[in-house]
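Chemist: First, the structure itself, so that you have it in front of you.
The values are calculated or read from the model by the stated rules, or taken from the named source; none is laboratory data. Keep in mind that what you see is a predicted model, and the values were worked out from it rather than measured. Neighbour counts are summed over all protein chains in view; Cβ atoms, including those assigned to glycine, are modelled from backbone coordinates with ideal geometry.
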Amino acid sequence: MDYLNFMAEKVLIIVLALLVVILATLIIIRKIRDRRTIPLREDAINELLSAIANNIREGAVQDIAGRVSNILKKFLGCERILFLRYYKGRLEVNYLHGLIRVDRAAVSFKLTPEIQGHLKKFSHLERTGNLRKILPDLTLKTIEALEMSAFFPVFLRENLYGVYFIKTSLPLDDRSLKFLSTALAFNLSAAYHIGIQEQQLKKFEERVRALQSSRDKSSATKAAALEDGGEYRTEMPRLLRIKNCEKLVPELIAGLRKDCGFSKMAFYVTSGKVDDVVFAVNWNLPEETDRILRGQYDSLLAAVKPETIVDFKDNNNLGLDAAESKAIKSGSLRYLTALSWVEDRRALLLWNGEKSPEEVAVKLRRFRMEAMPLIENAYHFEQIEALSYTDGLTGLHNFRYFHRRLEEEMQRAKRYHRTLALMILDIDNLKSINDRFGHLAGDAILKAFGKILTKSVRAIDVASRYGGDEFCLIIPEADRDKALLFMERFRVKIASEHAAGEGISSDFKFSVSIGAAVYPEDAEEIDELINAADMALLQAKEEGGNLSRMYQPDYRRPGYSR
């Protein structure tokens with residue numbers, strides 16, 4: 001497998017996902033910026049997105065650092081730029097702009113744990129003066145003499161990759177400057193981090209090839225190779241491609257089962273998503289035993305110390321009643337442990353087999369060392385992908401996610417001959433509220449609306465921000481009667497709620513207008529369904545607002561387009 005191409009593709013996907021977040025957020029920032037803020041045009045952001053995509057596609061990951069500096073110069077008014085990059089325990093000059101005479105030795109310094117710990121506290125653009133008690137005196141005086149007024153570190157988790165010092169024509173409290181510098185720092189740190197992973201994967205590839213070459217050796221040598229690497233290790237090139245935890249984890253747990261020789265096995269971990277459902281991978285397990293273990297997941301975790309193996313035969317202090325304990329033992333499960341998982345979560349593993357607990361403990365340590373990085377990588381990839389589908393202000397899904405899910409739900413409705421309701425919701429008079437109370441008040445209303453909408457829908461419904469003051473709601477298997485009932489209930493609920501925010505009183509109220517259409521009665525294609533719901537919303541607005549309307553054929557008027 002060509003890991004360079006694979007990692008270039010990986011970087012491309014992650015960077016593009018991050019840049020989509022940046023683009024969406026910048027559009028919001030443009031609406032609330034004050035007069036001092038430098039204009040950030042969408043065409044400029046699209047140009048940057050395309051340029052970075054081309055660099056990554058060609059595998060030139062190091063060029064991202066140059067792109068970050070160009071963004072600072074071109075869009076954020078940075079007249080001077082000094083980038084100190086971490087190298088072998090020191091922060092040394094890596095890039096200069098607008099600076100002619102710089103004492104590189106005076107600027108560079110040794111990165112001690114104390115300095116790194118202090119730098120990590122600065123997660124956003126900060127004034128250089130805040131480093132007065134942190135950096136060596138000579139370094140700080142040299143940087144201040146260069147009139148570098150602000151800095152931001154390039155961190156990812158515990159790793160510091162460098163620090164940018166800048167002199168900018170923009171005020172340091174400028175929203176665009178603060179946000180974009182933070183986003184660029186994260187983008188650059190992700191590139192550095194993946195570059196390091198790429199180097200590690202090259203070394204790992206050599207080890208995998210060594211294991212694969214053992215096929216030509218004696219069976220004893222093969223067994224020793226598998227014993228050293230684990231069953232799942234020979235599958236590593238394929239597993240590296242899986243970026244979905246629900247697909248990756250069963251494969252890794254199956255490899256662990258083979259590696260440990262389990263005759264019976266039960267594995268449980270929470271999904272980490274909003275619903276936090278228990279995710280299971282079982283082997284030769286009776287349904288009744290599985291039901292009990294799912295129900296006792298939390299209590300069993302609380303009763304077992306991490307990475308400690310408990311023998312059911314010798315331990316009855318696990319919070320189970322006699323019937324539950326008997327059912328588990330009847331399922332031939334003898335041992336239990338709690339595995340450390342991503343995001344400080346823990347997973348339950350129960351089993352029976354011929355290997356001793358001591359032998360299994362060795363295998364589990366190897367699993368944590370070799371397989372958990374893959375799981376963490378897939379999990380963080382999912383998190384980054386989720387960010388690209390999330391509206392930064394309300395926390396709801398964004399238009400991109402809405403359109404993807406509408407296509408999926410429409411296909412499902414057609415396949416199984418079911419109904420599908422689509423609603424478009426518009427907060428009444430939000431522009432007037434912004435003009436009267438300010439955009440922070442408008443943002444408070446948007447956030448409150450998003451929370452109420454989230455609490456009002458089912459798990460299978462899809463709530464998204466459509467743009468501005470409009471929201472969308474996809475309700476699978478809902479006919480016109482169900483849609484109308486929901487709309488009226490939600491409209492009344494919104495009208496009775498209060499929205500508190502800067503510049504508005506705690507008893508301030510607002511309202512919503514809603515339009516809805518149903519597949520296949522009102523429309524049979526996506527664009528037609530959106531247009532029908534839009535026409536119904538327009539009707540509700542024209543009748544004065546704070547109303548809900550189902551689509552009617554006479555709502556469509558020639559020449560009208562939104």
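Chemist: Pull out all pairs, ordered by first then second residue, where Cβ-Cβ is under 7 Å, the residues are six or more apart or on different chains, the first lies in the range 397-420 and is closer than 23 Å to GLU470 by Cβ, and the second is at pLDDT below 90 and assigned to a strand (DSSP E or B).
Modeler: Short answer, once both residue conditions are applied: HIS397/THR390; ASN398/THR390; PHE399/TYR466; PHE399/GLY467; PHE402/TYR466.
Chemist: For the structure I just gave you, tell me whether ILE242 is more than 30 Å from GLY395 (Cα to Cα), assigned by TED's automatic domain parsing to the domain that holds SER356 and at pLDDT 60 or above.
Modeler: No: the conditions fail for ILE242.
Chemist: Give the residue, chosen from ASP461, ASP481, that is charged (D, E, K, R), closer than 23 Å to LEU547 by Cβ and either in contact with a helix residue (DSSP H, G or I) (Cβ under 6 Å, 6 or more places away or on another chain) or exposed (fewer than 14 other Cβ atoms within 10 Å of the Cβ) (or both).
Modeler: Selected residue: ASP481, the only one of ASP461, ASP481 that is charged (D, E, K, R), closer than 23 Å to LEU547 by Cβ and either in contact with a helix residue (DSSP H, G or I) (Cβ under 6 Å, 6 or more places away or on another chain) or exposed (fewer than 14 other Cβ atoms within 10 Å of the Cβ) (or both).
Chemist: To continue, here is another question. Tell me whether the range 421-437 contains one or more residues that are without any contact (Cβ under 8 Å) to a residue 12 or more places away in the chain, among the acidic types (Asp, Glu) and surrounded by fewer than 18 Cβ atoms within 10 Å (Cβ to Cβ).
Modeler: The answer is yes, given that some residue of the range 421-437 is without any contact (Cβ under 8 Å) to a residue 12 or more places away in the chain, among the acidic types (Asp, Glu) and surrounded by fewer than 18 Cβ atoms within 10 Å (Cβ to Cβ).
Chemist: Okay, next question. Across the range 462-480, which residue is nearest to TYR519 (Cα to Cα) among those that are touching a strand residue (DSSP E or B) at 6+ places or on another chain (Cβ under 6 Å) and of a type in the set (Gly, Ala, Ser)?
Modeler: Within the range 462-480, the match that is nearest to TYR519 (Cα to Cα) is ALA478.
Chemist: Across the range 60-109, what is the number of residues that are without any contact (Cβ under 8 Å) to a residue 40 or more places away in the chain and more than 16 Å from LEU160 (Cα to Cα)? Let's see the steps before the verdict.
Modeler: Applying the first criterion (without any contact (Cβ under 8 Å) to a residue 40 or more places away in the chain) to the range 60-109 yields 60, 63, 66-67, 69-70, 73-74, 87-90, 92-93, 95-97, 100-101, 103-109.
Now restrict to residues that are more than 16 Å from LEU160 (Cα to Cα): 60, 63, 66-67, 69-70, 73-74, 95-97, 100-101, 103-107.
Matching residues across the range 60-109 total 18.
Chemist: Right, here's the next one. Between ALA459, ALA483, ALA441, which is in contact with a strand residue (DSSP E or B) (Cβ under 9 Å, 6 or more places away or on another chain), in contact (Cβ under 8 Å) with a residue 24 or more places away in the chain and either of a type in the set (Val, Ile, Thr) or under 30 Å from ASP527 (Cβ atoms) (or both)?
Modeler: After applying the criteria, what remains is ALA483.
Chemist: Say whether the condition of being modelled with pLDDT of 75 or more and part of a helix (DSSP H, G or I) is met by at least one residue in the range 259-274.
Modeler: yes
Chemist: Here is a follow-up. Looking only at the range 71-91, which residues are more than 16 Å from PHE155 (Cα to Cα) and assigned to a strand (DSSP E or B)?
Modeler: CYS78, GLU79, ARG80, ILE81, LEU82
Chemist: In the range 343-386, which residues are touching a residue at least 24 places away in the same chain (Cβ under 8 Å), out of contact with any Cys (no Cβ under 9 Å at 6 or more places or on another chain) and of a type in the set (Val, Ile, Thr)?
Modeler: Selection gives ILE384 alone.
Chemist: Kindly indicate whether THR234 is among the β-branched types (Val, Ile, Thr) and either more than 27 Å from ILE375 (Cβ to Cβ) or at pLDDT 70 or above (or both).
Modeler: Against the criterion (among the β-branched types (Val, Ile, Thr) and either more than 27 Å from ILE375 (Cβ to Cβ) or at pLDDT 70 or above (or both)), THR234 does not qualify.
Chemist: Sticking with this one: Answer yes if at least one residue in the range 347-360 is crowded, with 18+ Cβ neighbours inside 10 Å and part of a helix (DSSP H, G or I), and no otherwise.
Modeler: Scanning the range 347-360, I find at least one residue that is crowded, with 18+ Cβ neighbours inside 10 Å and part of a helix (DSSP H, G or I), so the answer is yes.
Chemist: Still on this structure, I have one more. Between LYS313, LYS305, which is loosely packed, with under 14 Cβ neighbours inside 10 Å and under 28 Å from HIS380 (Cα atoms)?
Modeler: LYS305
Chemist: Is there a residue in the range 395-408 that is among the aliphatic types (A, V, I, L, M), farther than 23 Å from LYS247 by Cβ, in a helix (DSSP H, G or I) and in the same structural domain as GLY450 (by TED's automatic domain parsing)? Steps first, answer last, please.
Modeler: Looking only at the range 395-408, we keep the residues that are among the aliphatic types (A, V, I, L, M), and these are 396, 406.
Those still in the list that are farther than 23 Å from LYS247 by Cβ too: 396, 406.
Next cut, in a helix (DSSP H, G or I) only: 406.
Remaining after also requiring in the same structural domain as GLY450 (by TED's automatic domain parsing): 406.
Yes: the range 395-408 contains one or more residues that are among the aliphatic types (A, V, I, L, M), farther than 23 Å from LYS247 by Cβ, in a helix (DSSP H, G or I) and in the same structural domain as GLY450 (by TED's automatic domain parsing).
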